[in-house]
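Working notes for the structure below.
Read-outs throughout are calculated quantities, based only on the coordinates presented, and are distinct from any laboratory measurement. Values in this document were obtained by computation on a predicted structure and should not be read as measured data. A quick note on method: Cβ atoms are made from the backbone with ideal geometry, for glycine too, and the neighbour counts reach across all protein chains shown.
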Amino acid sequence: MIEDTNVPPPLVHTKARRDAPGPESSARTSRAHIMDRLMAWVIHVGGSISLIALLLIFFFLLREAVPLAREYNLVQFLTGRSWYPTSDPEEFGTLPLLLGSLWVTFFACVFAIPLGVTSAVFINKLAPPGLRNALKFAVEMLAAIPSVVLGFIGLIFLAPLVKNLFDLPTGLTGLTGAIMLAFMALPTIITIAEDAINAVPRSYQEASLALGANRWQTLVGVVLPSARSGIIAASMLGLGRAIGETMTVLMVTGNAPVIPETIAMPLRTMTATIAQEMGETVQGGSHYHALFAIGLMLFGISFLINLISDIALNRVRSGRTR
């Protein structure tokens with residue numbers, strides 16, 4: 001029997017040849033895989049460098065602050081009520097500085113958090129689209145103003161106003177510093193709180209309206225509680241922005257190292273003390289190490305604030321993925 005050589009090959013082999021990746025497709029896949037691995041490596045290295053830099057800063061502060069323990073009583077350092085680094089003997093009581101920082105930061109948050117949250121609600125839920133975009137741009141521009149410029153504005157305009165309004169001997173007080181710090185913390189609070197409000201699922205609001213709640217009841221009873229973690233994170237980051245500020249409080253708070261009894265009296269913060277006195281110290285002296293110890297205290301406070309805000313933000317992200 002003669003074999004027919006014109007019979008086409010089986011269909012399965014034709015399909016296999018058609019589906020088989022060509023050399024160009026394999027090269028593209030290989031290049032994409034290499035780029036993915038390269039970007040993952042770059043991100044990993046960047047994160048590692050940030051962590052290493054943070055640890056190096058901590059160990060540097062620790063190295064320069066530890067010698068103070070051999071020269072000065074640490075209990076007296078933390079609880080002392082007098083900061084006289086040039087007296088004989090030297091007095092390094094940081095309680096007035098710590099209370100000054102906390103005092104100004106607390107009242108800055110009292111001013112900034114309600115205003116920032118309500119501004120975020122207005123921008124996200126109430127403002128018309130054109131006004132919303134203008135307000136967002138204004139908030140971003142507000143964050144770009146240098147702190148020394150804001151300090152100059154507070155020194156020239158706000159300090160005389162506070163002095164005349166409250167009949168004080170000077171306008172350079174903790175109140176002036178708190179108002180300026182609140183002004184500086186607003187962009188952070190508004191931006192993060194607005195993102196948290198925007199992340200609330202629309203189905204929550206629709207369900208509330210369907211059950212008979214009006215717009216304000218939905219906003220207060222559904223939207224804000226759902227965005228609570230993000231609002232807390234915004235408040236904590238605003239707090240960190242305020243407590244770490246230097247130039248503004250250096251210019252407008254009066255720089256009096258005394259325990260503040262009222263917000264309307266001059267005081268001094270830890271950051272202002274470091275900025276004002278570091279250039280006048282003898283490297284390796286007790287005053288030098290005391291300033292680094294204050295820096296270590298600030299590092300710990302800032303780390304704690306950022307840790308709390310990070311926990312709150314993680315709760316927001318976990319809520320989005322549910």
Size of electric dipole in region 71-320: Cβ of Lys, Arg +1 and of Asp, Glu -1, about Cα centre, debye, nearest 20: 1260 debye
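Among the trypsin sites (Lys or Arg not before Pro) in region 60-152, which ones are in a DSSP loop with at most 16 other Cβ atoms within 10 Å of the Cβ? Mind listing them? Intermediate values should be presented prior to the final figure.
Working: sites: Arg63, Arg70, Arg81, Lys125, Arg132, Lys136; in loops: Arg81.
Those satisfying the criteria are Arg81.
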Highest-MSF residue in the chain out of Leu237, Leu142, Leu126 [GNM, Cα springs under 10 Å]: Leu126
Derived scalar couplings ³J(HN,Hα) [region 245-252; Karplus, 6.51 cos²θ - 1.76 cosθ + 1.60; whole Hz; x for Gly, Pro]: 6, 10, 5, 5, 5, 5, 8, 10
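For region 71-320, what ratio Rg/Rh do Cα atoms give with a Kirkwood hydrodynamic radius? The partial results should precede the final answer.
Values: Rg = 21.0 Å, Rh = 19.8 Å.
On the Cα set of region 71-320, Rg over Rh gives 1.06.
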Charge-dipole axis of region 163-322 as Lys and Arg at +1 and Asp and Glu at -1 on Cβ define it, positive-most pick from Leu250, Leu175, Ile274: Leu175
Positive-end extreme of charge dipole, region 71-320 - chosen from Val117, Ala233, Trp216 (charges on Cβ): Trp216
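Take each uninterrupted DSSP H stretch in the chain, measure its Cα extent along the helix axis, and return the ones at 15 Å or beyond whose mean Kyte-Doolittle hydropathy is at least 0.0. Before the final figure, lay out each step's value.
Working: long enough: 23-65 (63 Å, 0.83); 95-121 (38 Å, 1.94); 129-143 (22 Å, 0.55); 174-198 (35 Å, 1.38); 228-243 (22 Å, 1.04); 286-320 (51 Å, 0.83).
Passing helices, by number: 23-65, 95-121, 129-143, 174-198, 228-243, 286-320.
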For the chain, built as a Gaussian network whose Cα springs stay under 10 Å, the top-fluctuating residue of Asn255, Asn124, Asn133: Asn133
Loop-exposed GluC sites (Glu not before Pro) per DSSP, neighbour cap 13 Cβ within 10 angstrom, longest uninterrupted part of the chain: 4-260
Dipole of region 71-320, positive direction: furthest Cα of Phe106, Ile294, Ala144, with charges on the beta-carbon: Ala144
log₁₀ of I(q)/I(0) at q = 0.16, 0.20 Å⁻¹ - region 58-208, Debye sum with one point per alpha carbon: -1.01, -1.19
Gaussian network model of the chain, springs between alpha carbon atoms under 10 Å - residue of Ser147, Ser87, Ser30 with greatest fluctuation: Ser30
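Given the rule -39500 (n - 2.57) for each run of at least 4 DSSP H residues, summed and divided by the residues of the chain, what is its mean residue ellipticity at 222 nm, to the nearest 500 deg cm²/dmol? All intermediate terms of the calculation are to be shown ahead of the outcome.
Details: 15 runs with 222 residues, N = 322.
When only DSSP H runs of four or more count, the value is -22500 deg cm²/dmol.
Place a +1 charge on the Cβ of each Lys and Arg in region 149-262 and a -1 charge on the Cβ of each Asp and Glu, then give the dipole magnitude about the Cα centre in debye, rounded to the nearest 20.
Numbers: 5 positive and 6 negative charges, 34 e Å.
For region 149-262, the charge dipole is close to 160 debye.
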